[in-house]
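The values are calculated or read from the model by the stated rules, or taken from the named source; none is laboratory data. Here the structure is a predicted model, which is why all the values come from computation and not from measurement. Virtual Cβ from ideal backbone geometry, glycine too; neighbours counted across all protein chains shown.
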C-alpha cells in the first residue's frame, strides 16, 4: 500500500478491512467530475473484468451498506487538491475540481493489485481489494513537466499518446513538445506546406555524438497533421496534461530554411536569394540561422497563429537557445538591418526578433516560453524562462521578475547517461541518476519568498539525438521520471524511502510494458556498443556552462519593464 509514487502529502492507514471491488460496485460522480469517473471506469474494466457501472450521485445513499465509489466536489479545496477515503463499505473521493479527482483516481489505481495496470484480465480469481486509508493531498508546484524532443527523432502519434498516459500516471501535468529543429519540422502548417513536405525528413542521421561519427544512410522523417495535434491535445486535456508547443527560433531552424531558402542568410533587400541547404543530418550547434527580415518575422507570426489555433494552453514556446551570430556578423544585409533598427550590434537581433514574436503571442492572450538565452537581452515582460544551463538562468530571471520553469541539465536532462558503467548506451553528458533527479529543487538556493513565488515549477528534458525510438525513450525516461514526479509533487526528501517504494512501483511499469533502466544497469539489449559515446566530466561541464552563461544579464543591466 505504501508504494505510491509520487507519495501523497498525508496518508493515514485505517485499522479496518478495506473495500473490495465486486460485480456490485458502482461509480458515481458529481456532474463536474464525470470525466474522472469515465477514465477510472475505462482503465479498470479491462483489467478487473468488472462492469463498474456508473450512477447519478444521488443514487448511492451514503448511509446504506454498499456505497461504491463516489466522486464528490468541494469547491473549498484547490483545483489539484483531493481527499481519498477508503472504508469497508465504499470509497469517497472529494476534490476541488476535475484535476484533483483525476489524481485521486490515479492513486486509487495504484492502491489496487499491480495487475490493475494490465490491458486485460489475466487472473480471473484476483480479489481487487483497496486498503482502508485516509489520504489528503495536493501538489507543491503547478508546473510538473517533461520536454520531449520529437524533432531530432520523430515519435509516431501512438507513442505520444502512450507517453501522455505514463506521465499522467505519475501526476505530471505538462508535456512540452519540441516540434522543430535543424533536423526536422514535425507539425503541419497549412499556409506553408513545404515545412513538412521538405523539412519533415532528412536523408540520414549522425550515428553517435563524436564529431566525425558516420551517417547511418537511412532516411528519417514524419510529422503530425493538424488533426493529429488536435487529437494529442484533446487526449492530454482529458488527463489534465497541458501540451506546450515549441517552435525553436531563430537558431535550430535549418529544416525551415531548407524548405523556404528566403528565410536564410544571403537574401537581398527584396527578399530574394537565400542558401541552398538540406535538412541537417548532423547533431550539435549549427551556424545556419534565420535572417531577421520583416518578411521572416511575418512568416513566423503566421506559423505561430496556426500553432496557437491548435494549442489552447497558456504558454507558447519560441526556443531562443544556441543561436550563433557569425552569419549575421558576416552578412552585409544583416549589418544594414542592425543600423536601420538602431541596434548596437548583431547580438541585439536575437532579442529584437524574439520580442517581435513574443508581442504577437501576448496580443493573442498567451505567454511566450523560451530558454534562458532570452535573458541575454530584454525579454518581453510576460515571458516565462526555462532555465537549462544550471540554475544561473533561474536566479537571473527571478531577480528580474520573470516567471521560471527550472530544468537544469546537470539534474534533469534525461538524455544524459545514468551512471559511469561502460554499458550505458551512447553516453553523453555527466551521470544523472535517479537519486540526482530526486534531489532536484526548482527553487534556487537563496531565493527570497517573493522570488520563490515566481517559480512555476520544473521539468525534465528528453533530447533525442541518440534516442531513436520509443524503447530508447523508455530507457532514458524511466524510472528517472518517477523521481521527478516525486520531487515536484512535494517529496519530504527521504531518498531511501523513495527508492524502496520505487522498487515496488516498477512492477506497475512492467505490467504496462515500459522498458525502463534496471537499477543494476542496462539489459544487454538496451546497450549500444556499436555507437561510441562522448561523456563529459563535471569540471569540463562547469567550464562549458560558465562560457555559455557569460552573457546572461543581471537585473541592474536589463531591468524588467
>> in contact with a helix residue (DSSP H, G or I) (Cβ under 8 Å, 6 or more places away or on another chain), outside the structural domain of residue 98 (by TED's automatic domain parsing), surrounded by fewer than 16 Cβ atoms within 10 Å (Cβ to Cβ) and at pLDDT below 95: is that true of residue 278 in this structure?
In response: no
> Out of all the residues in the stretch 506-516, is one or more more than 23 Å from the chain's Cα centre (by Cα) and within 30 Å of residue 156 (Cα to Cα)?
Replying inline: yes
> Got at least one residue in the stretch 283-292 being at negative phi and not in a loop (DSSP other than H, G, I, E, B)?
Replying inline: yes
> Can you name every residue in the stretch 449-468 that is touching a helix residue (DSSP H, G or I) at 6+ places or on another chain (Cβ under 8 Å) and more than 25 Å from residue 404 (Cβ to Cβ)?
Replying inline: 466, 467
> Within the stretch 205-262, how many residues turn out to be touching a residue at least 60 places away in the same chain (Cβ under 8 Å), more than 17 Å from the chain's Cα centre (by Cα) and not in a loop (DSSP other than H, G, I, E, B)?
Replying inline: 15
> Pairs, please: C-beta under 6 Å, at least 6 apart or cross-chain, first residue not assigned by TED's automatic domain parsing to the domain that holds residue 380 and in the stretch 335-358, second surrounded by 11 or more Cβ atoms within 10 Å (Cβ to Cβ) and part of a helix (DSSP H, G or I)?
Replying inline: none
> So which of 166, 148, 172, 177 ends up being in a loop (DSSP other than H, G, I, E, B) and within 22 Å of the chain's Cα centre (by Cα)?
Replying inline: 172
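Okay, residues lined up against (1) modelled with pLDDT of 95 or more; (2) surrounded by fewer than 18 Cβ atoms within 10 Å (Cβ to Cβ); (3) touching a strand residue (DSSP E or B) at 6+ places or on another chain (Cβ under 7 Å):
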{"residue": "211", "(1), (2), (3)": "no, yes, no"}
{"residue": "220", "(1), (2), (3)": "yes, no, yes"}
{"residue": "236", "(1), (2), (3)": "yes, no, yes"}
{"residue": "241", "(1), (2), (3)": "yes, no, yes"}
{"residue": "257", "(1), (2), (3)": "yes, no, yes"}
{"residue": "261", "(1), (2), (3)": "yes, yes, no"}
{"residue": "270", "(1), (2), (3)": "no, yes, no"}
{"residue": "288", "(1), (2), (3)": "yes, no, yes"}
> Given the residues 69, 27, 86, which is the only one that is touching a strand residue (DSSP E or B) at 6+ places or on another chain (Cβ under 9 Å), surrounded by 18 or more Cβ atoms within 10 Å (Cβ to Cβ), at pLDDT 95 or above and within 30 Å of residue 495 (Cα to Cα)?
Replying inline: 86
>> Can you pull out every residue in the stretch 307-328 that is in a helix (DSSP H, G or I), touching a helix residue (DSSP H, G or I) at 6+ places or on another chain (Cβ under 8 Å) and within 19 Å of residue 252 (Cβ to Cβ)?
In response: 327, 328
>> Looking at 189, 167, 247, 229, can you tell me which residue is over 29 Å from residue 353 (Cα atoms) and crowded, with 22+ Cβ neighbours inside 10 Å?
In response: 167
>> Quick check on residue 493: is it out of contact with any helix residue (DSSP H, G or I) (no Cβ under 7 Å at 6 or more places or on another chain) and touching a residue at least 60 places away in the same chain (Cβ under 8 Å)?
In response: no
>> For a quick check of your reading of the model, give me the residue pairs whose first member lies in the stretch 129-155 and is more than 30 Å from residue 113 (Cα to Cα), whose second is surrounded by fewer than 18 Cβ atoms within 10 Å (Cβ to Cβ), with beta-carbon atoms closer than 6 Å and at least 6 apart or on different chains.
In response: 154/222
